[in-house]
Amino acid sequence: MTELPAYYLPLGRDGDHEHFMPTEHTVSVWGDELQHGGPPIGLLARSLLRHLPDPAQEFTRVTVDILGAIGMAENRIHTTVLRPGKQISLLQSELSVRQEDGTYRTAARAQGWRMATAQTSEIGFVPVPPMTPSPHEIEGAPGMTGIGPLVGDWATKGFAGTLDCRIASADPEGGRQVWVRPTLPLVAGETTTDIEKFFTVLDVANGVGSPLAFCEWTFMNTDTTVHLYRQPVGEWTGIHAEMAVGPQGYGLTGAELYDGAGAVGRSAQTVLIRSLG
């Protein structure tokens, strides 16, 4: 595949659907025929954010369910308003992948709640302090090198290799802390907004928080849910992630999320855990 300077190439619109071609920069560490969860989540969030935008409302919660393998063939997105309202509204985006027979299979679905904004700065309270040190005080490394199980090709393959990552804390006790930003546009020819960059990198929390060795275990997440108490600003996203591993093959990765000014929200991912032995 030809080297391309974005995660997706736009292929135009067909009625209510937008079409995109994923590039090699979306490839997952779990297989060359799969996309990493990050770019599809970013693409779904982009569609939610750009569908009938209301300047009086902001997204406060977005949940993405991965319904099946997100392949490298043509992707299409369809977005609808499920629940309109002046105070609260609910939007949904679906990502489908083109099959060999020309039909499309739904592979992921995102739902986002928007709430009308109001002035509450005088009672504002954030339960966690800003993440330190800042990314500008930390030396970077190729891809996600040096983060727990992220070693060798795992750290630099496909999407992971396109990220600029700075390790704030590599100690697994209490969770690892990293700053991360994408180095490519989400869609070729577009300016990726700060919040679109934020959603594009959030899926890496699962790898950041994992105590498991990649050569011994798989730990794929089936969903990502993000709750925001303000909108993220800037190129960098801070992730303080920790995985809880249960006794029956599944677990949970929870993360505090930050921008340069402090905490902005939290994420949670359900994790399917399997031994490679």
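A few points about this structure:
- Any hit, region 111-123, residues being among the aliphatic types (A, V, I, L, M), within 22 Å of THR225 (Cα to Cα), touching a Pro at 6+ places or on another chain (Cβ under 7 Å) and surrounded by 15 or more Cβ atoms within 10 Å (Cβ to Cβ): no
- Output for region 65-90, where each listed residue is crowded, with 20+ Cβ neighbours inside 10 Å, within 16 Å of PRO22 (Cα to Cα) and either among the polar types (S, T, N, Q) or at pLDDT below 95 (or both): ASN75
- For ARG61, the stated conditions hold: it is surrounded by fewer than 17 Cβ atoms within 10 Å (Cβ to Cβ), in contact (Cβ under 8 Å) with a residue 60 or more places away in the chain and either assigned to a helix (DSSP H, G or I) or charged (D, E, K, R) (or both).
- When the test is whether a residue is assigned to a strand (DSSP E or B), modelled with pLDDT of 95 or more and of a type in the set (Asp, Glu), GLU256 passes it.
- Selection of region 211-269 for residues being closer than 12 Å to PHE198 by Cβ and among the acidic types (Asp, Glu) yields GLU235, ASP259.
- Search result, residues across region 91-125 that are of a type in the set (Val, Ile, Thr) and either farther than 14 Å from ASP65 by Cα or at pLDDT below 95 (or both): VAL97, THR103, THR117, THR120, ILE123
- Taken together, the criteria place VAL178 among residues that are in contact with a Cys (Cβ under 9 Å, 6 or more places away or on another chain) and β-branched (Val, Ile, Thr).
- Region 88-129, residues that are touching a residue at least 40 places away in the same chain (Cβ under 8 Å) and among the hydrophobic types (A, V, I, L, M, F, W, C): LEU91, LEU95, ALA107, ALA108, ALA110, TRP113, MET115, ALA116, VAL126, VAL128
- Filter result for GLY68 (more than 21 Å from LEU9 (Cβ to Cβ), in contact with a Lys or Arg (Cβ under 8 Å, 6 or more places away or on another chain) and part of a loop (DSSP other than H, G, I, E, B)): yes
The values are calculated or read from the model by the stated rules, or taken from the named source; none is laboratory data. These figures come from a predicted structure and were not determined experimentally. Here the Cβ is made from the backbone with ideal geometry for all residues, glycine too, and neighbour counts use every protein chain on show.
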